[in-house]
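Heads up: the structure comes next, in structure tokens.
Coordinate-derived values only; no laboratory data. Owing to the predicted nature of the structure, the values given are computational and were not obtained by experimental measurement. Using ideal geometry, Cβ is built from the backbone for each residue, glycine included, and neighbour counts are taken over all protein chains shown.
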């Protein structure tokens, strides 16, 4: 049931027109771009998709458009998370799940619950979700770390919780989860730069930002690592490390949208409070893309 989570998922951007509406033409182009370049699955309405700036109607439109455009060619994961447990449950009950393979649910932010509160939050979500649930731990954004103990308790007690996207940056925590997880539970990197080390430790894949721009290269690196070919995977890893780091200098998705605009895939438009990267960072991204394209 969870084997589709092995490999590279792309946390796809939401393109906008200059005047702020969703650019569905560019969104279709992005979907075709990542599918053609062989990512294993697509994640919509995540952090990189600027989901918190979208209205309920816009989120629904993106879900329906994604289902129609992907047309079952790759699995689809939908981000449904937040700080209000009941609101998430309501959203799950209204979601058209027929062609959705899983949901990705970020840990609550701002209200900073106890670990027991996190457990109950996800238990209630898993109980109502008709599809598998992927936990998402990203303390750099939520100001709250979900401990390995809480993750493992959820993984062992709730069969509908099938994976975690781990973006804590804490290698020891990730190792504890990998070591003690139940059979079939997937550990997914939430940090592009740490993906190769985590794969070496036994992780199953990544939900990636840089794969929006370089899906063929990044997903190939992941596949090579999963096969144990770390010599070849390491070459690709080091080809991409500079741009991965630069993409986050002025925040995500500002960096990746700059890169995608340079590649001619989307316009470099974001919704406030996010703004474009600085001119100096834009030039760095431009130069790094040029190097990657030249080295092939």
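Structure summary
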{"quantity": "Full-extension gain in nm, residue 53 to residue 124, via 0.36 nm per residue minus C-alpha separation", "calculated": "23.1 nm"}
{"quantity": "Label-to-label distance, nm, for residues given as residue 226 and residue 97 (7 Å Cα→Cβ offset)", "calculated": "2.4"}
{"quantity": "Taking 21, 151 and counting other C-beta atoms within 10 Å, the order from fewest to most", "calculated": "21, 151"}
{"quantity": "Gain upon complete extension [residue 89, residue 2; 0.36 nm per residue less C-alpha separation]", "calculated": "29.1 nm"}
{"quantity": "q = 0.09, 0.12, 0.15, 0.19 Å⁻¹: log10 I(q)/I(0) that the Debye formula gives for the stretch 57-179, counting C-alpha atoms only", "calculated": "-0.25, -0.44, -0.68, -1.04"}
{"quantity": "FRET efficiency, residue 19 to residue 141 (Cβ-Cβ, R0 25 Å, nearest 0.05)", "calculated": "0.35"}
{"quantity": "Relative contact order computed over the stretch 3-226 (Cα-Cα under 8 Å; 6+ residues apart), in percent", "calculated": "22"}
{"quantity": "Antiparallel DSSP beta bridges within the chain, percent to nearest 5", "calculated": "5"}
{"quantity": "Largest to smallest principal axis extent of the C-alpha atoms in the stretch 81-151, angstrom", "calculated": "33, 21, 20"}
{"quantity": "Paramagnetic reach from residue 294 in the stretch 243-272 [backbone N under 16 Å; point 7 Å along Cα→Cβ]", "calculated": "243"}
{"quantity": "Ranking of 189, 55, 87 by count of other Cβ atoms within 10 Å, fewest first", "calculated": "55, 87, 189"}
{"quantity": "Helix-only mean residue ellipticity at 222 nm for the chain, each DSSP H run of n ≥ 4 adding -39500 (n - 2.57), per residue, nearest 500", "calculated": "-14500 deg cm²/dmol"}
{"quantity": "Pairs of Cα atoms farther than 31 Å apart, the stretch 3-226, %", "calculated": "15"}
{"quantity": "Cβ-based exposure ranking for 116, 141, in which fewest neighbours within 10 Å come first", "calculated": "116, 141"}
